[in-house]
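The values are calculated or read from the model by the stated rules, or taken from the named source; none is laboratory data. Remember, it's a predicted structure, so these values are computed and weren't measured experimentally. Positions of Cβ are generated from backbone atoms using ideal geometry, with glycine treated the same way; all protein chains shown enter the neighbour counts. Surface areas here come from the heavy atoms of the whole protein model, side chains and all, with no ligands, DNA or RNA. Shrake-Rupley method; radii C 1.70, N 1.55, O 1.52, S 1.80 Å.
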Amino acid sequence: MNAPGQRVLGRLSGPARSERVGSWSFHGARALLVLLLAVFISLTFPAVPRTNLEGYSKGRVAPETVIARFNFAVPKSPEELERERAEAAAGIAPTFDVRPTAVDSMSAGLERFFTRLEEVATREGATPDAVRAFVSEAGVPASPAQVAVLANEGARQALRTTALRATRELLPAGVHEAVDPVYASAEQLRLREGERDRTVDRSSVMSVGEFYDAAARRLPVAVASPDAQNLLRLVLIRFMVPSLDFNAVITREERSRAQSAVQLIKTNVLAGEAIVRANEQIGDEELARLDAYAEAQRALGVASTGGWRLSGLVGSTLFHALLLTVFGALLFFFREGVYRNYRWLLVLSALAAAYFAVAAVIGSRGLPYELLPVPFVALTVAVLWDGRMALIFAVLLAVMTGALRPFDAEIVTPTLLVAGSAGALSVRVVRRRSQFWAFMLIIAVAHALAILGVWLMEGRDGAELLTALPWAGLGAAASAILAMGFLPVFEWFTGITTPQTLLEWADPTRPLLGRLAREAPGTYAHTIAVANVAEAAATAIGADGLLCRVGAFYHDVGKMLKPQYFIENQPGTRNPHDQLKPEMSAALVREHVTEGFRLAKESRVPPVILDFILEHHGTQAIGFFREKALEEKGSGAELPAEVFEYPGPRPQTKETAILMLADSVESAARALQDPTRERIRELVTGLIDAKIANGQLDEAPLTLGEIGRVREEIIKVLEGMYHQRIDYPSTRHLTDAPDGSSRTGGAPS
């Protein structure tokens, strides 16, 4: 970005009331962002001019050609839908369940009946009344003439033989009970037998009525009187067990699915297509297209006269501006740092604008709504700031999307809300950028479950569900890939260093850390110990522990240029400072801050880590060499601050202040002999009090309560880290003079 642009952004990012920018300009610039974004959304989803369709009716000649200005569908009329659904249902064969035991069951019933009848009829002294009583008790309402037939032994045997033969020969081929006339006209039947299904012609099976007629025709001619035939029918009716049971439930379900599969749309008319041509008579087909076009115009809310509807544009802008203002108010009251930083607001606005631009493409081309990139926006905001803010932003986008015409279906808002929320919250479980596949999985599963829930709740077609789920997975993958791909650009523009980036800079194989480990191994070991102390202390008060750890890794990288001048890198007892003047020694010690900053900046270390290098000693005096110089020149001598003080600034954040304390106490604790809890507590308390008295923590946003919790956490960590050590005079950090001011001895750390 050029210098004028940086200056403008710098002024707009200052306090609301400052010399650089007035309150009206400060808040006005943010209100302008809201207005511009609202106008952009309204123009991206514009009102459509309505064609005047008055004067177009059936039988009249069209005065001019009507061209469709947007895509719309022509629905089928209720009569067409009813007819096509009836045809679709009629094409589904009724389902019957095969009853394998039907022959045996019916045969057994007939055998028992005729055997008992024979006993009654041939009993000594049997009378027609006894036969009539038996058959009546058996449930066969025989007439006197039919009872007379049963009294004849030859007729009885013929009836018995015919009934059993018909049962055993005709029933296996398929005999079904009477069904609803709606299904009786079907030309084919579906037969289910266990796991096997087959379709047969209607003519290959019988109804029970056809079975009774076929059985009656099998009676021998000698006994085939009308009374005998009717009697045979009565007996068969009494013991009838159809071999095919009509399954009304399955049949209704299958016919219902067939009816649901009938398309509601007759045809689709594309933008630019002629609906009706000039000088042509308007028939039923043309009238249906004109009616559909008029209904589509009403649904879109476009103007009844030519031109764009100004009121629609104003209303849409007002609606979206109000929703965006709600989010802006949230930032103003609860995320002051975000509201104050104009660069960050520009990124949020750009994300929203990019989202609605993509949404416009998806809506205009009829692409699946599952591709809407709400998860991309939520992921980006969550990684740059935090999941709570990303969650609210995702809810805002989902609500605004649901108000737009292409996406106003009931299921769009809730499913987008779930997908965006999954993207916002998934950042908490992913630590490294290379694990972006985890983002994909979490978002895809959440989105798919939301879609499945809505589909099951509304009883939608399963085929549509199988189409929607892959699109949801593709949208999740695209969102995760885009978010991780663009994240470095957002980090560069906003100046935010994300946890994922911090973890990458914490990699010990980084060139700068690798060089520190090789060229100044003692300093490297010191940084690891300081990192452990600082991270624990920061976590104890809710500060950024990861930032403290990474900052500790780099805070002393300047020592590797001249490692021999720092005690942790001196293998023997000889101290090179013994041969140098105090001014030179102080300059060498001071140099590890300035040179460390230069080395880190050349290696493109993020600015937030550079602050740890500059601030970890603050503006403390390099006490040991300052006192040595005063001894040589006299206690009243004036010593230049630029030589005997660190360049600073003092710690500006909680994290850099914690590192200053951790650096001092860790170095001093290493020199403790017999480091008991009491001695460690005395050491830590004295060093922290000295820093406070010296004003080094004045500019850091640490409360006294937080300093107390930091002190206790540092004591706890140091107790676990150190055991027997060589005692160091006064048990102080090498930069601390007896009066509590900072100094650096012959081999500072």
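Just give me the residues in the range 188-203 being under 22 Å from A89 (Cα atoms) and either open to solvent by less than 80 Å² (accessible area, probe 1.4 Å) or assigned to a strand (DSSP E or B) (or both), in sequence order.
Q188, L189, R190, L191, R192, D197, R198, T199, V200, D201, R202
Residue pairs whose Cβ atoms lie under 7 Å apart, separated by 6 or more positions or on different chains, with the first residue in the range 545-557 and in contact (Cβ under 8 Å) with a residue 12 or more places away in the chain and the second part of a loop (DSSP other than H, G, I, E, B), are R549/A506; V550/A506; F553/A506; Y554/V605; H555/H616. The residue list V179, V205 contains one member that is touching a strand residue (DSSP E or B) at 6+ places or on another chain (Cβ under 7 Å), among the β-branched types (V, I, T) and over 22 Å from D104 (Cβ atoms), which is V179.
Report every pair of residues separated by at least 6 positions or lying on different chains whose Cβ atoms are under 8 Å apart, first residue within the range 55-72 and at negative phi and among the charged types (D, E, K, R), second at pLDDT 75 or above and open to solvent by 40 Å² or more (accessible area, probe 1.4 Å). Every condition considered, the pairs that remain are K58/D284; K58/L287; R60/Q281.
Restricting V377, V383, V358 to those that are under 23 Å from M484 (Cα atoms) and touching a Pro at 6+ places or on another chain (Cβ under 7 Å) reduces the list to V358.
The criterion of at least 3 residues that are charged (D, E, K, R) and open to solvent by 70 Å² or more (accessible area, probe 1.4 Å) is met, among helices (runs of 4 or more DSSP H) falling completely within the range 73-176, by 78-90, 102-122, 128-137, 153-170. Pairs are defined by a Cβ separation below 9 Å, a sequence spacing of at least 6 or placement on different chains, a first member in the range 711-733 that is among the hydroxyl-bearing types (S, T, Y) and part of a helix (DSSP H, G or I), and a second member that is modelled with pLDDT under 50 and exposed (fewer than 13 other Cβ atoms within 10 Å of the Cβ); the pairs so defined are S730/P738. L219 meets the conditions (1) in a loop (DSSP other than H, G, I, E, B); (2) open to solvent by less than 30 Å² (accessible area, probe 1.4 Å); (3) modelled with pLDDT under 85 in every case but one. The failed one is (3). Taking the criterion of being modelled with pLDDT of 75 or more and closer than 30 Å to L318 by Cβ, the residues of the range 40-65 that qualify are F40, I41, S42, L43, T44, F45. Among the helices (runs of 4 or more DSSP H) confined to the range 310-417, the ones with at least 2 residues that are crowded, with 22+ Cβ neighbours inside 10 Å are located at 310-334, 342-364, 374-384, 387-402.
Applying the criterion of being closer than 18 Å to S57 by Cβ and in a loop (DSSP other than H, G, I, E, B) to the residues of the range 266-289, the residue that is farthest from the chain's Cα centre (by Cα) is N279.
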